[in-house]
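The values are calculated or read from the model by the stated rules, or taken from the named source; none is laboratory data. Predicted model, so just to flag it, every value in this text is computed and none were measured. FYI the Cβ positions are ideal-geometry reconstructions off the backbone, even for glycines, and counts take in every protein chain you see.
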């Protein structure tokens, strides 16, 4: 039956609910304006009345099946390629504020953080994975180092909220982000686009799709993203916050027969730029030998939104080289289909940045994370349907080998500061060096590099078998049951290297041979002896430590959905999420058990065809057990720099989500998406020793996004579209540990954890045939700036807390052409 042959309410229901463009929350405003279309459907009937809405008819794969969006009983938000273009977003972190409930921290693209419905994973080490699963064309992006790649020929992004353990597997306890790229098509297509803006923005991308013959096609795309940065180091003149990223994607499709298709793709990315800026909060003079006051006084902190930047990390860089290949083979049988997915990934990353926010050698601290990763993935999936059931089942295997080195780099000058601030023995290296100079001896113990590092090696395997069945109980009622069995096997090792301070050791040896050390006071001799060992990473120095662990899990789900009429569907669900156990890379011998979450949800999806209005809503409650978070432990500062350690807590949350789309007239589009959540600890003790039970986790209660769009026709021979998007995220809810972690108010001089707002605007003109167009856009139109957090990792040692802030307003112009 064609769409036109169906009852009008059913046809509109399919068109509205099948359209991912409509169901994208606040980003609806960018959709194409309606235009007359005198085409015909398969039955030869005119389709002008339906095509006039121009809402799209794209299916989604949220349940491992091709389904219309609104028939999927899962809270689901779609981001389309056009929405990405409207916001000029280069990766998901640049637009996550417009997806309420989702937070993607991308100021370090090699170490991003993902949070969904208040659940996140803070640790970026190879010993653990994120609780939000990221998938590209169905392939799991395990490591955070490769989980935030730049957009390249993306068709859409499906954000699935709530546990997705049954359908997507391990490490989707909070939800899943499924990125779907474009496949080669049978139509010749070419496109080029250029953006230029302030702060030296230069963005170029291009696409070429070439049919090779009647059953084969090749698609190639590439991009280059460069900018100078939005904040300048006051001493060196270097500009931080910039971009240097280049990538390509090649996809080849071969229709071997009417029943068999082969798709092979290759992705490459090369990123190399300065790391995120660390803005110091302590006012210091230009004398790089001046030690910051200790302990620091929050009443004297500078406002980081106006403070100068001083970062002096030697060899500061953030870089990544990524390559990945995916082979998909699908074959159709009379009873269903078989899909084989084989994927290989390789990437190397390095992130070395400033961790004291000063350019004073007496408080110098930089850290570096180096990772090397290889992984294989194989999945076989069978699916089919009949009048009674719609089913999918499969098995998968995942193998990953990873190496990581966590470095801490200081100078003996900052070691001397640590001795005075933490060990309480004054500044022995300075005193000894001054004494040697007074005696005319050509020795100094200052200015020497000091390096400590922990090396990790991990070998991880995961096996899974899953099945999911939609039972059509009658023409209105469906029952979905599914289960996934997962077996994780992990082998992980630590090697805490003896510290390296070659110049310092050579000087101490020379002083010993000259008999100078024997002449020193006992306190100075004690200090020199103490400095002969590690002072930062002090556990199991020089002793390899290795553990092997395995975990098994069954993740079920049950969903009941009912169509009250063709335009209203309600559902209830119980789902389980699972995240594998793991290890803390810088805590020798640490092990933690898997995380598990049970989610209970009820929702309704509705459309009012006559009003061109869509309303969706859902309520949920979840209990999250053994959630692992990386938190600053002040107790580790006794002998050296404090560390971030894994802390286990139990949490629970109640939430409500609402989505509204309204198109009162053809050329006007309005949308709203909002989220409410009350997330608290049910059982928790912070590393500092304070109880957090019953306290909020920090997740804001409210967030929303709204959009408005309007189209004018016959403007300079084309059409003109105006779009305005606004997002709001409420203030962080503080608990007894928030101040130490730097997520809530730490100083009277600025706000931390304040509510955030962002408004983006775009004016876009395209020609009548859409062959070329121009646009002007502004991100963060009202120049709203926020302090996103304060790091105290060096505050309890050197007295040098530092902060991270959001970028300023940015504008740009775009030119594009298609051929």
Margin query: Could you tell me how many of the residues in the range 229-252 are surrounded by 20 or more Cβ atoms within 10 Å (Cβ to Cβ) and on the phi > 0 side of the Ramachandran plot?
Written below: 1
Checklist line | Residue satisfying all of: in the range 113-129; closer than 16 Å to residue 170 by Cα and modelled with pLDDT under 85; surrounded by the most Cβ atoms within 10 Å (Cβ to Cβ) among these | finding: 121
Note to self: Among the listed residues 554, 537, 547, 592, identify the single one that is surrounded by 22 or more Cβ atoms within 10 Å (Cβ to Cβ) and either touching a strand residue (DSSP E or B) at 6+ places or on another chain (Cβ under 6 Å) or closer than 23 Å to residue 494 by Cα (or both).
What the structure shows: 537
Next item on the list: Enumerate the pairs (first residue in the range 517-539 and free of Cβ contacts under 8 Å to residues at least 40 places away in the same chain; second residue anywhere and buried (at least 16 other Cβ atoms within 10 Å of the Cβ) and in a helix (DSSP H, G or I)) with beta-carbon separation below 8 Å, excluding pairs fewer than 6 apart on the same chain, so at least 6 apart or on different chains.
Entry: 517/508; 517/511; 517/528; 525/517; 532/508
Next item on the list: Please enumerate the residues belonging to the range 195-204 that are in contact (Cβ under 8 Å) with a residue 60 or more places away in the chain and surrounded by fewer than 16 Cβ atoms within 10 Å (Cβ to Cβ).
Entry: 196, 198
Note to self: Suppose the filter is assigned to a strand (DSSP E or B), free of Cβ contacts under 8 Å to residues at least 60 places away in the same chain and either under 10 Å from the mean Cα position of the chain (by Cα) or under 23 Å from residue 61 (Cα atoms) (or both); does residue 79 pass it?
What the structure shows: no
Notebook entry, point to check: Out of curiosity, is residue 129 part of a loop (DSSP other than H, G, I, E, B) and on the phi < 0 side of the Ramachandran plot?
Noted result: yes
Next item on the list: State yes or no: is residue 688 surrounded by fewer than 23 Cβ atoms within 10 Å (Cβ to Cβ), on the phi < 0 side of the Ramachandran plot and at pLDDT below 95?
Entry: yes
Item checked: Index of the failed condition, residue 648 passing every other in (1) crowded, with 16+ Cβ neighbours inside 10 Å; (2) within 23 Å of the chain's Cα centre (by Cα); (3) modelled with pLDDT of 80 or more -> (1)
Notebook entry, point to check: Just one of 676, 710, 681 is surrounded by fewer than 17 Cβ atoms within 10 Å (Cβ to Cβ) and either in contact with a strand residue (DSSP E or B) (Cβ under 7 Å, 6 or more places away or on another chain) or under 23 Å from residue 618 (Cβ atoms) (or both); which is it?
Noted result: 710
Check: What are the residues in the range 467-521 that are under 30 Å from residue 125 (Cα atoms), over 34 Å from the mean Cα position of the chain (by Cα) and buried (at least 20 other Cβ atoms within 10 Å of the Cβ), if any?
Finding: 501
Item checked: Subset of the range 264-316 (residues that are closer than 30 Å to residue 215 by Cα and either surrounded by fewer than 21 Cβ atoms within 10 Å (Cβ to Cβ) or modelled with pLDDT under 95 (or both)) -> 264, 266, 268
Next item on the list: With the checklist (1) modelled with pLDDT of 95 or more; (2) closer than 28 Å to residue 457 by Cβ in hand, flag the one item residue 537 doesn't pass.
Entry: (1)
Check: Can you name every residue in the range 606-628 that is surrounded by 21 or more Cβ atoms within 10 Å (Cβ to Cβ) and closer than 18 Å to residue 175 by Cβ?
Finding: 616, 618, 620, 622, 624, 627, 628
